[in-house]
């Protein structure tokens with residue numbers, strides 16, 4: 001694999017979970033391109049399928065879930081969705097780094113960080129373990145931590161922000177150039193969050209990465225991402241350059257989500273909650289638009305036909321009302 | 001009216017390798033929340049804001065100082081005597097998933113406190129049913145469709161409404177909401193915040209918000225007070241919009257500078273304040289508690305500044321070198 005940022009092309013990806021009610025799609029027909037060297041942010045509420053989508057990048061969706069259709073092409077690796085066994089194990093960690101949701105809790109409480117680092121190295125056949133430790137110390141130092149001290153610590157001796165940085169170190173230490181961060185700042189304080197986001201941006205630029213950030217917090221994406229994709233009910237409803245999407249959202253859900261953010265200045269009553277509630281796996285409509293129950297622009301066609309993702313310049317929107325307006 | 005003066009709370013670690021280590025959670029805090037009023041405690045985790053909220057709700061003891069509820073000092077009373085006072089103050093927890101008993105229907109959940117109430121006041125059984133429907137309607141739920149359900153059949157937002165409804169069964173004078181929306185989906189958060197604001201306006205319940213999300217603190221209403229807490233000390237206190245728009249303490253300024261800017265909609269503040277080190281590094285207990293992280297540290301910071309009003313600033317602050325700085329993001333539309 002090349003020592004540079006890979007591009008990723010997700011095409012028509014559908015991930016289903018087996019339930020008593022049959023196989024239900026958590027992610028449905030999602031197409032998304034991560035440009036080499038870019039930071040992409042995926043925003044969605046709980047149950048929108050954002051974490052399932054991120055796990056698909058590692059082909060790590062656990063049963064009862066499975067990838068039912070679609071491809072995940074990663075430059076230099078191929079279609080990860082077809083990988084199995086040893087091939088898959090090697091790709092994870094070495095080529096694709098994953099910082100798990102609640103990285104605070106994903107460390108082994110019985111082992112020091114250093115021991116876990118060595119485990120990681122051995123399982124990937126790293127011969128120069130001294131080099132690995134050196135690299136880890138350097139990365140931790142880069143993130144403002146005392147590397148030697150952190151490697152000698154158990155997880156309970158580290159604060160939330162420090163554990164999150166350890167998670168990032170473990171994802172990058174094998175020199176992966178594709179990094180997925182799942183809710184990297186959830187449960188962190190504002191100042192710690194700002195620090196972590198700054199580190200994500202800087203490390204991304206310095207090491208030449210392709211980065212995917214999954215979050216429920218638009219603020220996080222606004223701070224780090226070049227491109228923003230909005231998920232709802234397993235569908236990608238809108239994507240485009242971050243500033244454009246935030247400044248001029250097109251999909252009614254994106255609009256609703258942005259105007260539901262309490263702001264620091266101005267009339268607070270301008271912020272409005274979206275009516276209704278987000279769908280769960282069981283309540284996602286089988287046909288038609290997934291957002292129609294909460295939508296102010298609902299038309300007859302929305303009940304029966306799933307809107308296609310249509311590109312308007314760099315912006316891709318899946319909404320009948322927006323498509324009609326564009327062609328009027 | 002509930003007031004507190006000089007509240008001190010120190011936690012002592014026991015029984016493990018850390019035995020004997022002391023954590024100073026609160027270092028002499030004063031507060032006053034008038035009847036029907038509102039206040040908001042903000043700060044990082046570990047700053048003592050939750051401990052203070054729990055002391056106010058009667059769930060935690062304190063080492064020094066005094067809490068006074070409607071003119072009655074709490075420290076002289078026996079636990080049994082305190083109970084009726086603290087019942088006026090009800091807590092709404094962060095996690096609506098664990099705050100409700102999963103094996104009880106919403107009807108059963110509301111029935112327990114209501115039947116106790118009915119017994120105390122000699123009311124009939126039909127009153128219980130009426131009141132249950134009434135409190136659910138107050139929080140914006142349809143009693144007909146909710147009463148027979150179990151918590152797992154409701155969304156996070158609906159569960160949090162049930163928790164609020166349960167708090168209302170005892171006719172509280174104050175609700176203490178500890179990070180009450182941080183686990184709720186973004187599109188539904190505003191509904192809960194608006195509900196608390198609405199209850200305050202309609203029922204005259206006072207509201208205490210405990211949060212690390214400054215923007216949600218604005219929902220208590222513009223007559224509410226904001227307390228910024230740092231390592232157990234209130235370091236800035238004033239009207240919500242004053243403190244947010246014109247903060248004078250460097251710590252408040254760094255908290256506000258850390259809030260993500262919605263690029264495309266907002267432009268960042270001109271003078272962001274970035275703390276010099278992380279909170280982990282700050283364990284100096286002498287002088288100003290923020291001094292080791294403060295970019296504007298001066299000669300006097302070896303002393304501990306007290307919360308006070310100085311000329312030129314409407315809010316109280318605990319800083320020897322207060323100065324207004326433009327730190328918060330402004331909408332692009334505002335020129």
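Among B:97, B:62, sorting on how many other beta-carbon atoms sit within 10 Å of each Cβ, with the fewest leading, yields B:97, B:62. Helix content alone sets the calculated 222 nm mean residue ellipticity of chain B: runs of n ≥ 4 DSSP H residues at -39500 (n - 2.57) each, divided across all residues, give -8500 deg cm²/dmol.
DSSP finds beta bridges in the protein assembly as shown, and of those with both partners inside it, around 60 percent are antiparallel.
Only Cα sites of segment B:101-171 enter the Debye sum here, all with the same form factor; the resulting log10 I(q)/I(0) across q = 0.18, 0.23, 0.27 1/Å is -0.60, -0.96, -1.28, listed in q order. Once the Cα atoms are used to define both axes, helix B:186-203 deviates from the longest principal axis of chain B by about 70 degrees.
Mind checking the alpha-carbon convex hull of segment B:32-111 and giving the volume per residue in Å³? Mind dumping the intermediate values first?
Details: hull volume 11.9 nm³, N = 80.
Cα convex hull per residue, to the nearest whole number: 149 Å³.
How much of the DSSP beta bridge set in chain B is antiparallel, as a percent to the nearest 5? Percent antiparallel among DSSP bridges in chain B is about 60.
Computed over segment A:206-328, the P(r) curve from all C-alpha pair distances, binned at 10 Å from the origin, holds 12, 41, 34, 11, 2, 0 percent per bin. Taking Cα atoms, how many degrees apart are the long axis of helix B:106-121 and the longest axis of chain B, rounded to 10 and kept between 0 and 90? So the helix axis and the longest Cα principal axis differ by about 80 degrees.
Averaged over peptide A:236-248, how many Cβ atoms belonging to another chain are found within 10 Å of each residue's Cβ? Write out the running numbers ahead of the final one.
Numbers: counts 0, 0, 0, 0, 0, 1, 3, 4, 1, 1, 5, 6, 2.
Per-residue shielding by partner chains comes out at 2.
Every Cα-Cα pair of segment A:1-40 was included, and the share exceeding 13 Å stands at 63 percent.
Dimensions of segment A:1-117 from C-alpha coordinates, computed as largest minus smallest value along each principal axis and given longest first, are 44, 35, 30 Å.
Oblate is the label for the protein assembly as shown, because a/c, from the alpha-carbon gyration tensor with a ≥ b ≥ c as root eigenvalues, is 1.5 or above and a/b does not exceed b/c. Here the Kirkwood formula puts the hydrodynamic radius of chain B at 21.5 Å, using every distinct Cα pair. With the largest listed first and rounded to whole Å, the semi-axes of the equivalent ellipsoid of segment B:246-331 from the Cα gyration tensor are 25, 17, 9.
Return the average number of partner chain Cβ atoms within 10 angstrom of each residue Cβ along peptide B:287-293.
Details: counts 0, 0, 0, 0, 0, 0, 1.
Average per residue, whole number: 0.
Shielding value for A:274-287 is 2, the average number of Cβ atoms from other chains within 10 Å of each residue's Cβ.
Pair-distance distribution P(r) for segment B:187-335, from all Cα-Cα distances in 10 Å bins starting at 0: 11, 36, 34, 16, 3, 0 percent. Arranged from fewest to most other beta-carbon atoms within 10 Å of their beta carbon, A:146, B:213 become A:146, B:213. For chain A, the longest principal axis of the C-alpha atoms and the axis of helix A:129-142 are separated by about 60°.
Considering all C-alpha pairs of chain A, those separated by over 38 Å amount to 17%.
Could you please rank A:299, A:231, placing first whichever residue has the fewest other Cβ atoms within 10 Å of its Cβ? Can you show the working numbers first?
Numbers: A:299 13, A:231 27.
Placing the least packed residue first, the sequence is A:299, A:231.
Entry for segment A:72-195 at q = 0.14, 0.15, 0.16, 0.18 Å⁻¹: log10 I(q)/I(0) = -0.61, -0.70, -0.79, -0.98, Debye formula applied to identical alpha-carbon scatterers, no solvent contribution. Using the Kirkwood radius over Cα pairs, work out the Stokes-Einstein diffusion coefficient for segment A:79-144 at 25 °C and 0.890 mPa s, in µm²/s as a whole number. Reported coefficient: 180 µm²/s.
Values in this text are rule-based calculations from the coordinates and carry no lab data. This one's a predicted model, so the numbers in the text were calculated from it and none came from an experiment. Because the Cβ atoms are built from the backbone with ideal geometry, glycine has one as well, and the counts that use them run over all protein chains shown.
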